[in-house]
Amino acid sequence: MEEVIRIENLTKQFGNVTVLDDINLSLRKGKIYGFIGRNGSGKTVLFKHIIGYLRPTSGRVTVEGKEIGKDQDFADNIGIIIENPGFLGRYTGFQNLKYLADIRNVIGREQIRESMIKAGLDPDSRKKVGKYSLGMKQRLGIAQAIMEEPNILILDEPMNGLDNQGVEDVRKMLLQMKAEGKTILLSSHHREDIALLCDCVYEMDRGRCISPAPCLSPQAACKDT
């Protein structure tokens, strides 16, 4: 199965503190990978290295054959939810996504509308994002992550703020995207999300990556990772 992300001897230090400690991973196409661990265990820092937001102290990250920080500054073809999505409160959800889409200018209005509908939002709503609930903002963040139909999704706590129906909608969407061959990296504090969605689960603990953690889903396929 095609390798999409390779992480080799990745170490990150902030001053004298080691946040990531010699991590090695090979992540493949059409899989959902779960990352679990306490706050501060290194999950978000790992994700930021894959995207290109941070540079390693040592080691390297390669995404779709290109080394981050050498062949390209940021990973291409990747959708992201990292921490709390930030949007302009005085504009509608559609207007926010249109503004962001215009920066790269690779999709049009119809793709934006489709992504909002998939995320459970009405693209024609005139409601300003400043009036959105936490769950609606999270849905808009998911719509932003998927609107350019990326090959890779990195979702850091994507279920935050969602009600039960929202969680179910997002789970169905992620499984459909997996079936389409997308590679998805997911962190969640909710054990059920990991159990239902992930093919393989890694546990982060004090900057180390247990490779792999015990797989929680019956169909888990850790052996080829």
Practice item. Would you mind telling me which numbered condition in (1) buried (at least 20 other Cβ atoms within 10 Å of the Cβ); (2) in contact with a Gly (Cβ under 9 Å, 6 or more places away or on another chain); (3) free of Cβ contacts under 8 Å to residues at least 60 places away in the same chain Met177 fails? Key: (2)
Point to revise | Unique match (being touching a strand residue (DSSP E or B) at 6+ places or on another chain (Cβ under 9 Å) and assigned by TED's automatic domain parsing to the domain that holds Glu168) among Thr92, Thr44 | key: Thr44
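Given the condition polar (S, T, N, Q), closer than 25 Å to Met173 by Cα, within 21 Å of the chain's Cα centre (by Cα) and not assigned by TED's automatic domain parsing to the domain that holds Arg171, answer yes or no: does some residue in the stretch 99-120 qualify? Working first, answer last.
First, pick out the residues of the stretch 99-120 that are polar (S, T, N, Q): 105, 111, 115.
Now narrow it down to the ones that are closer than 25 Å to Met173 by Cα: 105, 111, 115.
Narrowing further to those that are within 21 Å of the chain's Cα centre (by Cα): 111, 115.
Of the ones still in play, those that are also not assigned by TED's automatic domain parsing to the domain that holds Arg171 are 111, 115.
Yes, the stretch 99-120 has at least one match.
Which members of the stretch 16-50 meet the condition of being in a loop (DSSP other than H, G, I, E, B), at pLDDT 95 or above and surrounded by fewer than 21 Cβ atoms within 10 Å (Cβ to Cβ)? If you could, list the steps in order and put the result at the bottom.
We begin by selecting, within the stretch 16-50, every residue in a loop (DSSP other than H, G, I, E, B); these are 16, 29-31, 37-42.
Next cut, at pLDDT 95 or above only: 29-31.
Within the stretch 16-50, Lys29, Gly30 meet the criteria.
Could you run through the stretch 118-135 and say how many residues are in a helix (DSSP H, G or I) and either at pLDDT 95 or above or more than 18 Å from Ile81 (Cβ to Cβ) (or both)?
Initial filter on the stretch 118-135 (in a helix (DSSP H, G or I)): 118, 129-131, 134-135.
Going one step further and asking which of them are either at pLDDT 95 or above or more than 18 Å from Ile81 (Cβ to Cβ) (or both), we end up with 129-131.
Result for the stretch 118-135: 3.
Of all residues being part of a loop (DSSP other than H, G, I, E, B) and modelled with pLDDT under 90 in the stretch 172-206, which is nearest to Leu20 (Cα to Cα)? Just the residue, please. Even if it seems obvious, please write down each step before you answer.
Let us first name the residues in the stretch 172-206 that are part of a loop (DSSP other than H, G, I, E, B), namely 180-182, 188-190, 198-199, 206.
If we keep only those that are modelled with pLDDT under 90 too, we end up with 188-190, 206.
Details: Ser188: 19, His189: 20, His190: 23, Arg206: 8 Å.
It comes out as Arg206.
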Check your understanding: Given the conditions (1) outside any loop (DSSP other than H, G, I, E, B); (2) under 16 Å from the mean Cα position of the chain (by Cα); (3) surrounded by fewer than 20 Cβ atoms within 10 Å (Cβ to Cβ); (4) not charged (D, E, K, R), and given that Tyr53 satisfies all but one, which numbered condition is not satisfied?
Key -> (1)
Study note, to complete from the structure: For the stretch 56-99, the count of residues that are assigned to a strand (DSSP E or B) and touching a Ser or Thr at 6+ places or on another chain (Cβ under 6 Å) equals 2
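The values are calculated or read from the model by the stated rules, or taken from the named source; none is laboratory data. The structure presented is a predicted model; accordingly, all values stated were derived computationally and were not measured. Every residue, glycine as well, gets a Cβ built from its backbone with ideal geometry; the counts of neighbours run over all protein chains shown.
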